Amino acid sequence: MSQQCQEHGRSGLYLSPVAQRRADVRDACAGLFGRLDLVDSVDAALAGLDAAQPDLLLIDLERYEPGIDLAALGALVARREGRPVLLLCPYATARWVPALMAFGPLGYAITPIAGDALRAALEQRLDPADGAQAGAGVPALRELLALRGRVLNAVREFEDVQDLAERLCRALAAWPGVLHAGLFHLKPDGDLQLEAQQAGEAAPQLALGALLQRPDRLLQAPLRHAFPGLLAAATGELVVLDDIEQAGEPALAATLRGHGVAMALGVAIPADGPGVPRGALSLLFDTSRALPRDAFLTLLDVAHLAALGLRMAELGLENEQLLAQVTTISTIDALTGIANRRHGEDLLEKEIRRARRYRVPLALVAFDIDRFKAINDSYGYPVGDVVLRSVADTARAVLRGSDMLVRSGGEEFQIIAPHTSAIDALRMAEKVRLAIAEAEIPGVDHVTVSLGVAQLGEQESGDSLAGRVNAALARAKRAGRNCVELAMQ
């Protein structure tokens, strides 16, 4: 359709599938064009370009989907062959801008946009002199290269997720015009939290935790629909507010303005594949600026580098957890949860070296469960397992924090007791014997243990110490069980 406006000698073509939007733009542009054609489809826009060759093509991206309409709208931009194009792009789907910039030069304005601001954007695209000034103040190529270099260094040198996030925020905050940089990170439990932030010298008091009224569970934050960093993390989109009033939250806008913020941007940190993003980068600028395609692409690259760094950090944490699991499997007895025999031997050798170095006593206690075979035969192996766990738990409960309990065989246990003399070890063994004899163990009537005690000799080896304490244990068995014997030197 065609709308004749006041005679101005310039023509335009406006594409939008929304009738109300076409009416609003017609009213906002009154007097700016001699002729303004309003069309509702890409095919009609292509026909209008061929028929009228307008001075300006105005594309309103509201209701269009990048995954569906990019190729058609890109063909429309390419048909202009370098002549003025202005995109009206919703703030929540700003990835349209760099995507369509790939088809040819164009300008953009973020919507919602007031009528006077829209007229100013149109005049800037129509006036070659103003258009030449549109790039003034845009980050230079060297600044973008410097930003990429700082981010690469951050991804190469970090120690953990927290360190990576802090390094990335420092790198982003050093980009000219950035007042504040933040990184939101989606944890494995689905909790989005502010991992790190960096305020520039011009806004040292700006803190996102206070601004958003919470540091974690931010996907449920009241401002998740309005603050670009949160919106990007929730939707996976590139979000741009070139006027911080656009999100419709006056209190948020007033607070940001109070810190000198004029523009806000959120870049989603992509996941490895389909799914919710890993988080988002948040950038707050001191002035509103139209970013060129190189700047958008650099920010998207930075987000991918952040995703790579986070994945590397997560893999590092997973490796540490796997190593801890392997260590646990190799050193802990699965049934009782105490040190297994191999680990016990290592612990004993370590304590022997420590005792010799510092000239302190070291004692070893060995004990086993009396008539354990009869328990298995009478009550079954499941009850036997309960007895083993109960004996280990009871003994552990009466030992000191420095004592080490080891399962050295089927029903056999050891206690490695640092800084302990033979007399003190006898008292410890008697306490263990009494606690187990009085313990109520499900499935059996009564359980006792026999114990042997030995103190490390001045030049004695671990094998010799173990041999003496086992000999004392054997004497306790012969003495009638449920008793303690001291090893002979």
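The values are calculated or read from the model by the stated rules, or taken from the named source; none is laboratory data. Just so you know, these numbers come straight off a predicted model, no measurement behind them. Cβ placement follows ideal geometry from the backbone for every residue including glycine, while neighbour counts extend to all protein chains displayed.
Exactly one residue among Gly409, Gly462 is closer than 26 Å to Pro382 by Cα and either surrounded by 23 or more Cβ atoms within 10 Å (Cβ to Cβ) or within 50 Å of the chain's Cα centre (by Cα) (or both), and that residue is Gly409. Scan the range 428-453 for residues that are among the hydroxyl-bearing types (Ser, Thr, Tyr) and either crowded, with 20+ Cβ neighbours inside 10 Å or without any contact (Cβ under 8 Å) to a residue 40 or more places away in the chain (or both) and report the count. So the count comes out to 1. Do we find a residue being of a type in the set (Phe, Trp, Tyr) and either surrounded by fewer than 20 Cβ atoms within 10 Å (Cβ to Cβ) or farther than 24 Å from Leu144 by Cα (or both) anywhere in the range 216-230? Yes, the range 216-230 contains a residue that is of a type in the set (Phe, Trp, Tyr) and either surrounded by fewer than 20 Cβ atoms within 10 Å (Cβ to Cβ) or farther than 24 Å from Leu144 by Cα (or both).
Within the range 332-346, count every residue that is assigned to a helix (DSSP H, G or I) and closer than 11 Å to Gln414 by Cα. Reasoning before the result, please.
So the first thing to find is which residues in the range 332-346 are assigned to a helix (DSSP H, G or I), and the list is 341-346.
If we keep only those that are closer than 11 Å to Gln414 by Cα as well, we get 341, 344-345.
Going through the range 332-346 one residue at a time, the tally reaches 3.
Is it the case that Ala264 is touching a Gly at 6+ places or on another chain (Cβ under 6 Å) and either at pLDDT 95 or above or within 18 Å of Leu164 (Cα to Cα) (or both)? Here the answer is no, as Ala264 does not meet what is asked.
For the range 38-51, a residue qualifies if it is assigned to a helix (DSSP H, G or I) and not charged (D, E, K, R), and the qualifying residues are Val42, Ala44, Ala45, Leu46, Ala47, Gly48, Leu49, Ala51. Scanning the range 431-450 for residues that are among the acidic types (Asp, Glu) and part of a helix (DSSP H, G or I) returns a single hit, Glu438.
Here is a yes/no grid of residues against (1) part of a loop (DSSP other than H, G, I, E, B); (2) crowded, with 21+ Cβ neighbours inside 10 Å; (3) of a type in the set (S, T, N, Q); (4) touching an Asp or Glu at 6+ places or on another chain (Cβ under 9 Å):
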site	(1), (2), (3), (4)
Arg26	no, no, no, no
Phe33	yes, yes, no, yes
Leu36	no, yes, no, no
Ala78	no, no, no, no
Gly82	yes, no, no, no
Arg119	no, no, no, no
Leu122	no, yes, no, no
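With respect to being surrounded by fewer than 16 Cβ atoms within 10 Å (Cβ to Cβ) and acidic (Asp, Glu), Glu245 fits the description. Total residues in the range 86-112 satisfying the condition of being under 30 Å from the mean Cα position of the chain (by Cα) and part of a helix (DSSP H, G or I): the figure is 7.
Take the residues of the range 466-489 that are more than 22 Å from Gly344 (Cβ to Cβ) and touching a residue at least 60 places away in the same chain (Cβ under 8 Å): which is surrounded by the fewest Cβ atoms within 10 Å (Cβ to Cβ)? Among them, the one singled out is Arg481.
Taken over the range 451-473, the residue count meeting the criterion of being closer than 10 Å to Met488 by Cα and part of a strand (DSSP E or B) is 3. Got at least one residue in the range 304-320 being surrounded by fewer than 20 Cβ atoms within 10 Å (Cβ to Cβ), at pLDDT below 90, of a type in the set (S, T, N, Q) and not in a loop (DSSP other than H, G, I, E, B)? Yes: the range 304-320 contains one or more residues that are surrounded by fewer than 20 Cβ atoms within 10 Å (Cβ to Cβ), at pLDDT below 90, of a type in the set (S, T, N, Q) and not in a loop (DSSP other than H, G, I, E, B).
For the range 414-427, indicate whether the set of residues that are over 44 Å from the mean Cα position of the chain (by Cα), farther than 27 Å from Arg359 by Cα and in contact (Cβ under 8 Å) with a residue 40 or more places away in the chain is non-empty.
First, pick out the residues of the range 414-427 that are over 44 Å from the mean Cα position of the chain (by Cα): 419-427.
Remaining after also requiring farther than 27 Å from Arg359 by Cα: none.
No, the conditions are met nowhere in the range 414-427.
Checked against the criterion of being modelled with pLDDT of 95 or more and closer than 30 Å to Ala264 by Cβ, the candidates Leu106, Leu32, Leu88 yield just one match: Leu88. What pairs can you find where one residue is in the range 226-242 and without any contact (Cβ under 8 Å) to a residue 12 or more places away in the chain, the other is part of a loop (DSSP other than H, G, I, E, B) and surrounded by 24 or more Cβ atoms within 10 Å (Cβ to Cβ), and their Cβ atoms are less than 9 Å apart, with a gap of 6+ or different chains? If the second residue must be part of a loop (DSSP other than H, G, I, E, B) and surrounded by 24 or more Cβ atoms within 10 Å (Cβ to Cβ), no pairs are left.
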